[in-house]
Amino acid sequence: MAITYLGYHFTVEPKDLGCEILIAELGELPFESFIESELGCVAYIQKQFWNEDVLKEVAIFENAEFKINYTIEEIEQVNWNEEWEKNFEAIDVDGKCHVRAPFHPKTEAVFDIVIEPKMSFGTGHHETTHMMIQHLLETNVEGLKTLDMGCGTAILAILAEMKGAKPIDAIDIDNWCYLNSIENAERNNCKEITVFEGDAKLLINKKYDLIIANINRNILLNDMQTYVDCLNPKGILLLSGFYNEDIPFIDASCVAKGLTFIKQFERNNWVSLKYIN
C-alpha cells in the first residue's frame with residue numbers, strides 16, 4: 001500500500017534558533033523527518049497521522065520572538081532509503097574519524113563508523129556532532145563509564161567504545177533515535193553500549209566518568225544539575241547543541257555547580273565545551 005506524506009514547508013525568522021526549537025517540538029508529534037531549507041525547514045508527516053489540529057500544541061507559534069509561516073504539499077510514496085543515499089555524504093574529522101553510510105567505501109581512518117541515519121539526528125554532518133567527535137578524539141576515554149545523552153544515531157557512543165570507553169549508556173527520548181541507535185551499535189559490532197528510550201529521569205542514582213550531552217540549550221540548563229550529580233570525581237562533561245551567544249548561560253550554570261572549564265570548539269557559531277568535575 002502506498003503511503004502518502006504531507007510536507008510542511010516552514011519559513012522561520014530568525015532561522016537557526018527558530019528551526020532548532022520548531023524541530024524539537026515537532027519531533028514530539030508524528031512528524032518523521034526534517035530537512036533544512038534556505039528559509040527554514042521542511043517537516044514530513046504521514047497523511048494517516050495528520051489532523052487539522054496537528055500543530056495546535058506547538059508552542060513556538062505563540063512566541064513573539066519568532067515569525068513562522070508555512071505551506072503544505074501532498075507527497076506520494078517516497079523511497080526514503082534512496083533519498084538518504086542521494087543526500088548522505090561520508091565525512092572525515094581531523095583525518096582520524098570517518099563517518100559513512102553502508103553504501104560508502106571503507107577508508108584507512110583510525111575510527112571507521114558506519115551509520116544508517118534513517119530518521120535520526122547525529123550523522124556527523126552537523127557542527128555540534130562534528131565538534132563532539134573532535135573532543136572525543138583528543139580525550140583519553142579508556143575504561144571510562146560513559147553516558148551519551150540525546151544519542152541520536154549513537155555515533156558518539158560508538159566512537160567512545162572504539163576508543164575504549166565502557167560500559168556505555170545511550171539515551172534518547174525519540175523512538176526513531178532509540179531504534180536507530182540499537183541498529184547502529186550492532187552494525188559497528190559494539191558490545192558495551194546499552195540503549196534506553198527516555199529522558200534525564202533515567203539517570204537517578206547513576207554515576208559516570210564521562211557524560212556526552214549534545215542537546216539544545218534549554219534542556220541542558222534544565223538538566224545540568226542531574227548531569228553534575230551523575231558525574232564521578234574528576235569526571236568529564238562534554239556539551240554542545242547551542243550557539244556562541246549561549247556560552248555565558250551554560251558556563252555560569254556549570255561553574256556554579258563546581259565544574260571547571262577546560263576547552264572550547266567553535267564551528268559556524270555553534271560551540272562545544274569541555275568541563276571536568
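The values are calculated or read from the model by the stated rules, or taken from the named source; none is laboratory data. Everything numeric here is computed off the predicted structure, so don't read it as measured data. No Cβ is skipped: glycine too gets one built from the backbone with ideal geometry, and neighbour counts run over all protein chains shown. We work out accessible area using only protein heavy atoms, side chains counted, and drop any ligands, DNA or RNA first. Shrake-Rupley method; radii C 1.70, N 1.55, O 1.52, S 1.80 Å.
See the values below:
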| item | result |
| --- | --- |
| Which listed residue is in contact (Cβ under 8 Å) with a residue 60 or more places away in the chain, in contact with a helix residue (DSSP H, G or I) (Cβ under 8 Å, 6 or more places away or on another chain) and under 18 Å from MET132 (Cβ atoms), from ASN184, ASN180 | ASN184 |
| Among residues of the range 229-270, those that are open to solvent by less than 50 Å² (accessible area, probe 1.4 Å), within 19 Å of ASN140 (Cβ to Cβ) and not hydrophobic (A, V, I, L, M, F, W, C), counted | 2 |
| Selection status of LYS67, modelled with pLDDT of 90 or more, in contact with an Asp or Glu (Cβ under 9 Å, 6 or more places away or on another chain), exposed (fewer than 14 other Cβ atoms within 10 Å of the Cβ) and on the phi < 0 side of the Ramachandran plot | yes |
| Spans of helices (runs of 4 or more DSSP H) in the range 106-220 with at least 3 residues in contact with a Leu (Cβ under 6 Å, 6 or more places away or on another chain), closer than 27 Å to GLU36 by Cβ and open to solvent by less than 20 Å² (accessible area, probe 1.4 Å) | 127-137 |
| The range 1-16 residues that are open to solvent by less than 70 Å² (accessible area, probe 1.4 Å) and charged (D, E, K, R), paired with ones that are at pLDDT 90 or above and assigned to a loop (DSSP other than H, G, I, E, B) (beta carbon under 8 Å, 6 or more apart) | LYS15/LEU39 |
| Flag for GLY235 being modelled with pLDDT of 95 or more and small (Gly, Ala, Ser) | yes |
| Unique match (being closer than 30 Å to GLY18 by Cα and among the β-branched types (Val, Ile, Thr)) among THR194, THR153 | THR153 |
| Flag if VAL42 is more than 30 Å from ASN269 (Cβ to Cβ) and either open to solvent by 20 Å² or more (accessible area, probe 1.4 Å) or aliphatic (A, V, I, L, M) (or both) | no |
| For ILE45: the one exception among (1) at pLDDT 90 or above; (2) more than 20 Å from GLY241 (Cα to Cα); (3) of a type outside the set (Ser, Thr, Tyr) | (1) |
